[in-house]
Amino acid sequence: MSDSTTSNTKGEMPYTEQRYFSSYDHFGIHEEMLKDSVRTLAYRNAIFRNKHLFEGKTVLDVGCGTGILSMFASQAGAKLVVSVDMSNIIGMAEKIVRLNGFGEDKIVLIQGKMEEITLPVEKVDIIISEWMGYFLLYESMLDTVLYARDRYLVDGGLVLPDKATMFVAGIEDGEYKEEKIGFWRDVYGFDYSPFQEVVMQEPLVDTVNREAVCTSIFQIAEFDMTTVTVKDLAFASDFKLKATRADQVHALVVWFDIGFEKNLEEPVHFSTGPFSAYTHWKQSVFYLKDTITTNYGEFIYGSISSKPNKENPRDLDIQIVYDFRPANEVERHASHKQRYLMN
């Protein structure tokens, strides 16, 4: 395994960075990702069904983890794969890669922070990375991929995946909202309601039943990895949700879809939404202060914004504004601005 030419040990990093990279040292998180067949097979299919793009090319795997994507790329005919990860899991990746017959002439592994190391090549033809976090952008790993793109990718090179799209919808989830938030109204006879505001500020990452979705779906963001900038990742979007049945909306759910599209003869896509097969990203649920009682065809208007947290840029400050004003029924009006912290 190659050493980076710049010192960047975890001990020299801010605590928040140490915590982030150390979280990937344990095998458990990699087991969860590898067992996510939707995720892993999407990458394998995108690579193997488009081997002509990889043959004889130099590939950079950003955040290589256990090396699975690097081995896919090498199997597809890449001349050289450079695999980078700051986590100590790269020591295990080295063993796995060599055990499976990939020599240093095929896959070079480097432990270090992408922004601080020097690669053994001037440019790469393709960048592959599994950078997506909860709510797509949590942990800000995409920033690192964009740095690698701007620093190392040849003109006209590929970043895979190259498309990410985010969606929002309203859900009925009264039982869990009561269990999670209503609980604090009466704790063994005591009023613990000050906790409610704190609990509301934390999004829930969980699997949402498709039957719980009771509004239309609205696209809130789309990112093209060939052109997006770090600045673009702090986004704001209006939304308009149409009630698809008479029901109560207790929360909004956000998910993302991923596409391998550019120059691919056989594009590959997958979704992390409630209408698709399970993935380890699940969905992000944002409980609302109000319970919005809708009739079929009524609209909830609002906006959602996201930006990195100032104290820890890998966390996200998310704000949701909603406004529901059915005609001539003031008692059903609901309007609020709510802040959340994904950490």
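All of the numbers you see were taken from the coordinates with simple rules; none came from a lab. None of the values given here were measured: they were computed from a predicted structure. As a convention, Cβ positions derive from the backbone with ideal geometry for all residues, glycine included, and neighbour counts pool all protein chains shown.
So if R0 is 41 Å, what FRET efficiency would residue 238 and residue 55 give, r being the distance between their Cβ atoms, rounded to the nearest 0.05?
0.35
Between residue 175 and residue 333, take the C-beta separation as r, use R0 = 25 Å, and let me know the FRET efficiency to the nearest 0.05.
Efficiency for this residue pair is about 0.55.
Multiply the residue separation of residue 230 and residue 79 by 0.36 nm, subtract the distance between their alpha-carbon atoms, and state the gained length in nm to one decimal.
That pair, residue 230 and residue 79, stretches by 51.4 nm at full extension.
Would you check segment 164-342 for Lys pairs whose C-alpha atoms are within less than 19 Å, ignoring same-chain pairs closer than 8 in sequence, and give me the count?
Taking segment 164-342 as the scope, the lysine pair count is 11.
Rank-order 229-241, 171-183 by packing density, defined as the average count of other C-beta atoms within 10 Å over each peptide's residues, highest first.
Listed from highest to lowest mean packing, they are 171-183, 229-241.
How about residue 95: which lysines have a C-alpha closer than 17 Å to its C-alpha, ignoring those fewer than 8 places off in the same chain?
List returned: 106.
When Rg is the radius of gyration of the Cα atoms in the chain and Rh is its Kirkwood radius, what does Rg/Rh come to?
My calculation of the ratio gives 1.02.
With r as the distance between the Cβ atoms of residue 202 and residue 105 and R0 = 56 Å, compute the FRET efficiency 1/(1 + (r/R0)^6) and round to 0.05.
0.70
Quick one: compute the contact order of the chain, relative version, from alpha carbon pairs under 8 angstrom and 6+ residues apart, as a percent.
Relative CO of the chain lands at 16 percent.
For residue 159, what residues show an amide H to amide H distance below 5 Å, using hydrogens built from the backbone and excluding near sequence neighbours?
Those qualifying (amide H under 5 Å, at least 5 residues apart or on another chain) are 127.
Starting from the exponent 0.38 and prefactor 2.2 Å, build the expected Rg for segment 288-336 from its residue count and divide its actual Cα Rg by it.
Ratio of Rg to 2.2 N^0.38 Å for segment 288-336: 1.52.
Can you give me the long-range amide H partners of residue 208? Hydrogens built in the peptide plane at 1.01 Å from N, cutoff under 5 Å, separation of 5 or more residues or another chain.
283
Subtracting the Cα-Cα distance from 0.36 nm times the residue separation, let me have the gained length for residue 301 to residue 147 in nm, one decimal.
Taking residue 301 through residue 147 to full extension adds about 51.9 nm, to one decimal.
So for segment 10-130, considering every pair of alpha-carbon atoms, how many percent are separated by more than 16 Å?
60
Taking the convex hull of the alpha carbon atoms in segment 167-300, what volume per residue do you get, in Å³?
Convex hull volume per residue, Cα atoms: 139 Å³.
Using a simple spin-label model with points 7 Å from Cα along the Cα→Cβ vector, what separation in nm is obtained for residue 118 and residue 48?
That separation, rounded to one decimal, is 3.9 nm.
Using the basic label-point model (7 angstrom from Cα toward the beta carbon), what is the residue 37 to residue 246 distance in nanometres?
So the two model labels end up 4.2 nm from each other.
Determine one quarter of the surface area of the Cα convex hull of segment 94-251, which equals its mean projected area, and express it in nm² to one decimal.
So the Cα hull casts an average projection of 15.1 nm².
Could you rank the peptides 323-333, 38-48, 301-311 by their average count of other C-beta atoms within 10 Å per residue, with the highest value first?
38-48, 301-311, 323-333
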